[in-house]
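The values are calculated or read from the model by the stated rules, or taken from the named source; none is laboratory data. Predicted, not measured: the structure shown is a model, and the values here were computed from it. As a convention, Cβ positions derive from the backbone with ideal geometry for all residues, glycine included, and neighbour counts pool all protein chains shown.
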Amino acid sequence: MKITFIGTSAGEGYPGVWCECPNCAKARKLGGRNIRGNSCALLDDDYLIDMNAHFASMAPRIGISPAKIRGLLVTHPHMDHFAPEFLEKRAMAPALRRLSWEEKCEKISPCFTELPMLHVYGNAHTRKALFAQNGVMEQFQNTMVTFHLIEDGVAQTQDDLTFIPVRSRHTSIPGFCHNYIIQRGGKTLLYASDTGGYDADMLDIVLSQKYDCIIMEGTFGLGATVDFHMSLKKNREMLRLFQEHGVWKHGQNFHLTHICPHWTPPHDEYAAMLKDEGIEVAYDGKIIEF
Ligand SMILES: [Zn+2]
Ligand SMILES: [Zn+2]
Ligand SMILES: [Zn+2]
């Protein structure tokens, strides 16, 4: 399995769009890996986990061709994870299909490429956001988008990929967000963002797998512990729990993403601080294979 981190920040970005606090100012000065866009990740070349505005601008900069993507697993419809307006840009009128590229250029269309069906998976909140977006589902023959409703703990398979949605504790609305256990080619990934933890029924499911890689949100870093996101203290507690249950081995592919500039130092500092703990801090454009 190959994972490309396309974005690794929490909602406000890193630096925060409107913020000049010490961390945000330092990130602007240092540049490079210290600058983060909103979190999303590509699995191999064909499955995307979350799709936000940062995805559209970042993909060509890191050599990703979105036209190959066949599946989109959406965690939840917060704007830093799901921007359905970009699905409207897949549209190509069927009448254009017979035309040459030169003839297509005479017409107006957001896309000139015949796309494979994009299978979007998400919960009821994601479905609501998707269907509220003009120009996507009501003309799905043009956008080639289809939606599949996920259920807590119920495995689904598409192509050679199997995934189990896990309801996470994020916001006060139950079932607003789901994390994913993803299996492909004999490897297992836990993508745990956004989450502040799991209810007992979901934790049982999380602890029932053995992971080759865990990607977890590290939103509030050195800051206060809150219910609906992780801090470093909570990340460490989860790691201890995973080790106690034998589902993860120390030092094996544990990556933090969804980093907030407030209470979490810029990448260079934070990565150096955690490297001896078996915790890696992801950055935009980082590729891992396992
Ligand atoms: Zn988020
Ligand atoms: Zn700031
Ligand atoms: Zn969120």
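Remarks
- Region 168-264 holds no strands (runs of 3 or more DSSP E) entirely within its bounds that carry 3 or more residues that are within 16 Å of ligand 2 (Cβ to nearest atom) and closer than 30 Å to residue 158 by Cα.
- Of all residues making up region 64-103, the number that are among the aromatic types (Phe, Trp, Tyr) and part of a helix (DSSP H, G or I): 2
- Residues satisfying the criterion are absent from region 84-92 (criterion: among the acidic types (Asp, Glu), out of contact with any His (no Cβ under 6 Å at 6 or more places or on another chain) and closer than 30 Å to residue 272 by Cα).
- Restricting region 32-59 to residues that are part of a loop (DSSP other than H, G, I, E, B) and within 16 Å of ligand 2 (Cβ to nearest atom), the residue that is nearest to residue 219 (Cα to Cα) is 37.
- Residue within region 142-154 that is over 25 Å from residue 202 (Cα atoms), part of a helix (DSSP H, G or I) and in contact (Cβ under 8 Å) with a residue 24 or more places away in the chain present: yes
- Verdict on residue 95 being modelled with pLDDT under 95 and more than 16 Å from ligand 1 (Cβ to nearest atom): yes
- Any pair with Cβ under 7 angstrom, 6 or more apart, that starts in region 170-198 at a residue that is at negative phi and ends at one that is in a strand (DSSP E or B) and among the acidic types (Asp, Glu): 192/217; 193/217; 194/217; 195/217
- Of all the residues in region 265-290, those that are closer than 14 Å to residue 34 by Cβ and assigned to a loop (DSSP other than H, G, I, E, B) number 7.
- Restricting region 67-102 to residues that are more than 16 Å from ligand 3 (Cβ to nearest atom) and in contact (Cβ under 8 Å) with a residue 60 or more places away in the chain, the residue that is surrounded by the fewest Cβ atoms within 10 Å (Cβ to Cβ): 70
- Candidates in region 199-231 are the residues that are β-branched (Val, Ile, Thr), more than 17 Å from residue 253 (Cβ to Cβ) and touching a residue at least 40 places away in the same chain (Cβ under 8 Å); of these, the one that is surrounded by the fewest Cβ atoms within 10 Å (Cβ to Cβ) is 205.
- Hits in region 1-31 (condition: within 9 Å of ligand 2 (Cβ to nearest atom), in a loop (DSSP other than H, G, I, E, B) and not acidic (Asp, Glu)): 15, 16, 18, 19, 21
- Within region 155-167, the set of residues being touching a residue at least 40 places away in the same chain (Cβ under 8 Å) and either assigned to a loop (DSSP other than H, G, I, E, B) or surrounded by fewer than 21 Cβ atoms within 10 Å (Cβ to Cβ) (or both) comprises 158, 159, 161.
- Flag for residue 223 being out of contact with any strand residue (DSSP E or B) (no Cβ under 8 Å at 6 or more places or on another chain), within 21 Å of residue 14 (Cα to Cα) and at pLDDT below 95: yes
- Across region 10-66, the qualifying residues are those that are within 16 Å of ligand 1 (Cβ to nearest atom) and among the polar types (S, T, N, Q), and the one among them that is surrounded by the most Cβ atoms within 10 Å (Cβ to Cβ) is 39.
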